[in-house]
1. Give the residues of region 42-67 that are of a type in the set (Gly, Ala, Ser) and either surrounded by 12 or more Cβ atoms within 10 Å (Cβ to Cβ) or at pLDDT below 90 (or both), sorted by residue number.
2. Please determine whether any residue of region 27-35 is open to solvent by 80 Å² or more (accessible area, probe 1.4 Å), of a type outside the set (A, V, I, L, M, F, W, C) and not in a loop (DSSP other than H, G, I, E, B).
3. Can you report the number of residues in region 1-34 which are under 23 Å from Ala77 (Cβ atoms) and touching a helix residue (DSSP H, G or I) at 6+ places or on another chain (Cβ under 7 Å)?
4. Can you confirm whether region 16-26 contains a residue that is free of Cβ contacts under 8 Å to residues at least 24 places away in the same chain and either in a helix (DSSP H, G or I) or closer than 26 Å to Ala99 by Cα (or both)?
5. What pairs come out if I take residues in region 33-56 that are farther than 18 Å from Glu82 by Cβ and pair them with residues that are open to solvent by 40 Å² or more (accessible area, probe 1.4 Å) and of a type in the set (Phe, Trp, Tyr) whose C-beta lies under 7 Å away, six or more apart or interchain?
6. Considering region 41-70 alone, what residues qualify as being basic (Lys, Arg) and in a strand (DSSP E or B)?
7. Of the residues Asp84, Asp79, which single one is surrounded by fewer than 13 Cβ atoms within 10 Å (Cβ to Cβ) and acidic (Asp, Glu)?
8. Can you confirm whether Phe73 is under 25 Å from Leu124 (Cβ atoms), touching a Gly at 6+ places or on another chain (Cβ under 7 Å) and open to solvent by less than 80 Å² (accessible area, probe 1.4 Å)?
Amino acid sequence: MATDLWMNLPVQNVEKSKAFFTKIGFPAKTIGDGVQVVVGAQGTKVMLFPASKFETFTHHRVADSMKGTEVLFSIGAEDREEVDEMIENVEKAGGEIYAKPGLTDGWLYGAGFIDLDGHRWNVLYMDMEKMP
């Protein structure tokens, strides 16, 4: 039975990526050649590795995430203010906003950003009382 799940992402500069994720509110620590970023109350781990090291794990070239999207990571927020705060922190940390905060269908408030290496993320608050 599986006991844990974590994501591995290639990055161009491990230290810059560590600083970016720390600035937007996620604990990060160096582990060997990479950095472990912890997301959410359940402690989901995202491992950041230099692209050359990442390729040794996958036996495959790293995709150019600036030209195409390989995955979308979604982060749950406690409320709208948390969404807004994270997006403000992303901008301050040098990330790019691809979807400004907004409401969808009267119950889903979210926004989207691109990290320093082109990986896409969104931050979502779901008001379950208003969900159809």
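The values are calculated or read from the model by the stated rules, or taken from the named source; none is laboratory data. Everything numeric here is computed off the predicted structure, so don't read it as measured data. Every residue, glycine among them, receives a Cβ derived from its backbone with ideal geometry; neighbour counts consider all protein chains shown. Side chains are part of the model used for accessible areas, which takes the heavy atoms of the whole protein and leaves out ligands, DNA and RNA. Shrake-Rupley method; radii C 1.70, N 1.55, O 1.52, S 1.80 Å.
1. Selection gives Ala51, Ala63, Ser65.
2. Among the residues of region 27-35, at least one is open to solvent by 80 Å² or more (accessible area, probe 1.4 Å), of a type outside the set (A, V, I, L, M, F, W, C) and not in a loop (DSSP other than H, G, I, E, B), which makes the answer yes.
3. Qualifying residue count for the region: 5.
4. Taking every residue of region 16-26 in turn, at least one turns out to be free of Cβ contacts under 8 Å to residues at least 24 places away in the same chain and either in a helix (DSSP H, G or I) or closer than 26 Å to Ala99 by Cα (or both).
5. Listed pairs, sorted by first residue: Lys45/Trp6; Val46/Trp6; Met47/Trp6.
6. Once the filter is applied, which keeps residues that are basic (Lys, Arg) and in a strand (DSSP E or B), region 41-70 yields only Lys45.
7. Among Asp84, Asp79, only Asp79 is surrounded by fewer than 13 Cβ atoms within 10 Å (Cβ to Cβ) and acidic (Asp, Glu).
8. It is false that Phe73 is under 25 Å from Leu124 (Cβ atoms), touching a Gly at 6+ places or on another chain (Cβ under 7 Å) and open to solvent by less than 80 Å² (accessible area, probe 1.4 Å).
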